[in-house]
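All remarks here apply to the structure that follows.
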């Protein structure tokens with residue numbers, strides 16, 4: 001059901017807000033980022049008409065944690081969502097530590113973006129994946145007037161109706177979910193063109209299952225690919241995503257709303273490396289190497305943000321909330337952790353700051369041979385990462401291990417400088433320790449009695465001898 005509210009002079013002077021979040025779309029999975037296999041003409045157009053951030057980050061390497069931070073403006077040390085479902089992922093015999101327990105629901109006490117906008121008279125619509133709580137914690141309880149498809153599930157089960165895990169009215173058998181979401185957003189914008197509206201559009205695509213329209217998949221099977229981008233079904237999903245981003249942009253332009261609408265496009269985390277290699281970035285979804293957290297990011301607001309502008313500032317989706325708060329002129333105090341990005345749009349630099357990524361849990365591999373994570377048994381082991389300027393420090397807790405990279409010279413994180421640049425390591429570690437202390441960040445320190453070094457050694461031997469190439473280390 002779509003809701004239309006009356007318009008006033010006060011609200012009409014504020015910009016409409018549209019946040020489009022792709023699911024598991026990697027940093028390199030767009031033609032404007034150089035892919036010659038995937039086709040994204042509409043997202044490319046969005047990039048050309050606004051500001052493209054080449055060092056944009058998700059606040060976490062997997063979906064629920066990243067989405068909770070985006071909408072609340074708070075790091076996960078506050079909301080407690082670190083991963084999906086349980087935090088003791090992978091075989092208990094391969095985990096040295098007992099991980100911190102993760103939450104699975106964003107507490108209703110958090111004053112989230114749609115609630116702030118609702119205070120200002122906005123009509124708020126949610127379209128797609130919620131994944132932040134069960135009944136009682138759905139979008140309707142967090143400031144949204146409209147909820148299309150949002151519930152506790154992280155994936156649709158199928159992209160062709162009937163959908164096992166997506167609650168939609170009037171499904172047409174065989175309809176494609178990405179098209180349905182795009183159509184619903186267009187209807188919402190059309191209904192509320194006289195109002196201030198907030199459209200939060202977290203598409204399910206391109207999350208698994210990898211299911212493309214048949215004719216799109218056939219098209220990409222007949223197209224030249226390369227070693228990094230070569231899955232026809234995934235390419236077809238990206239094309240459908242791009243087409244529906246185009247629908248939204250076209251509707252805004254058609255209604256002459258582009259000069260009064262901020263559009264943000266991003267992904268919730270990096271792409272799954274075994275599906276789409278994010279080279280030159282290391283690893284992918286679930287990892288705190290760059291492939292897991294660096295994501296596409298575009299801001300467009302015609303007349304307010306220069307077309308074809310670029311930024312290399314390191315920014316994150318934790319910054320969306322303070323940026324929007326400034327743009328809409330919300331005067332009440334709000335507690336958030338990010339930075340207002342508006343200075344960047346005015347060709348100024350942000351104040352010096354760091355980005356933090358806290359992950360005190362385990363995440364098992366997607367593919368032992370292709371993930372490129374901390375090791376073949378885990379995409380990520382418990383740890384915390386800090387990025388400051390062009391430097392990145394990883395701290396993993398099991399053996400108090402550190403990795404230090406200069407991202408400007410080594411975007412692939414292939415040259416660990418921890419034993420060479422002690423001064424930089426100490427500088428970043430000091431800031432990291434201070435952040436963890438002030439945030440009361442939970443750190444796992446209890447040994448797991450089920451850990452079995454002989455079992456780990458046997459697995460590693462089998463992987464090294466290519467006797468295991470797929471998924472191992474299942475949760476027990």
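Laboratory data are not the source of any read-out in this text; all were calculated from the coordinates shown. Quick caveat: nothing in here was measured; it's all calculated off a predicted structure. Here Cβ is always computed from backbone atoms with ideal geometry, including for glycine, and neighbour counts include all displayed protein chains.
Here are some notes:
- One decimal place: the segment residue 152-residue 36 gains 38.2 nm when fully extended, by the rule 0.36 nm per residue minus the C-alpha distance.
- Reciprocal of mean inverse Cα separation for region 334-476 (Kirkwood radius, Å): 17.6
- Taking other Cβ atoms within 10 Å as a rough exposure proxy, 335, 242 sort from fewest to most as 335, 242.
- Multiplying the residue separation of residue 346 and residue 13 by 0.36 nm and subtracting their alpha-carbon distance yields 117.9 nm.
- Residue ranges 445-457, 18-30 sort as 18-30, 445-457 when ordered by packing (mean number of other C-beta atoms within 10 Å per residue, highest first).
- Between helix 232-254 and the chain: long-axis angle, C-alpha atoms, 0 to 90°, nearest 10: 30
- Considering the chain at the alpha-carbon level, its Rg and Dmax are found to be 21.7, 70 Å.
- Region 104-149 shape via C-alpha gyration tensor axes, a/c threshold 1.5: oblate
- Taking the chain and dividing mean pair separation by its residue count, relative contact order in percent (alpha carbons under 8 Å, at least six apart): 24
- Residues 351, 221, 370, 180, sorted so that the one with the fewest Cβ neighbours within 10 Å comes first: 351, 221, 370, 180
- Projecting label points 7 angstrom from Cα along Cα→Cβ for residue 107 and residue 399 puts them 3.7 nm apart.
- Given R0 = 51 Å, the distance between the Cβ atoms of residue 454 and residue 141 translates into a calculated FRET efficiency of 0.55.
- 222 nm mean residue ellipticity, helices alone, for the chain (DSSP H n ≥ 4; -39,500 (n - 2.57); rounded to 500): -7500 deg cm²/dmol
- Residue order, fewest to most surrounding Cβ atoms within 10 angstrom, among 142, 287: 142, 287
- Based on Cα contacts under 8 Å between residues 6+ apart, region 356-464 shows a relative contact order of 19 percent.
- All C-alpha pair distances within region 42-100, sorted into 10 Å bins from zero, spread as 20, 31, 29, 14, 7, 0 percent across the bins.
- With the simple spin-label model, which puts each label point 7 Å out from Cα in the Cβ direction, the residue 160 to residue 93 separation comes to 4.0 nm.
- Gyration tensor (alpha-carbon) shape descriptor, region 28-128, a/c threshold 1.5: oblate
- Estimated at 0.36 nm per residue, the fully extended path between residue 218 and residue 187 surpasses their Cα-Cα distance by 8.1 nm.
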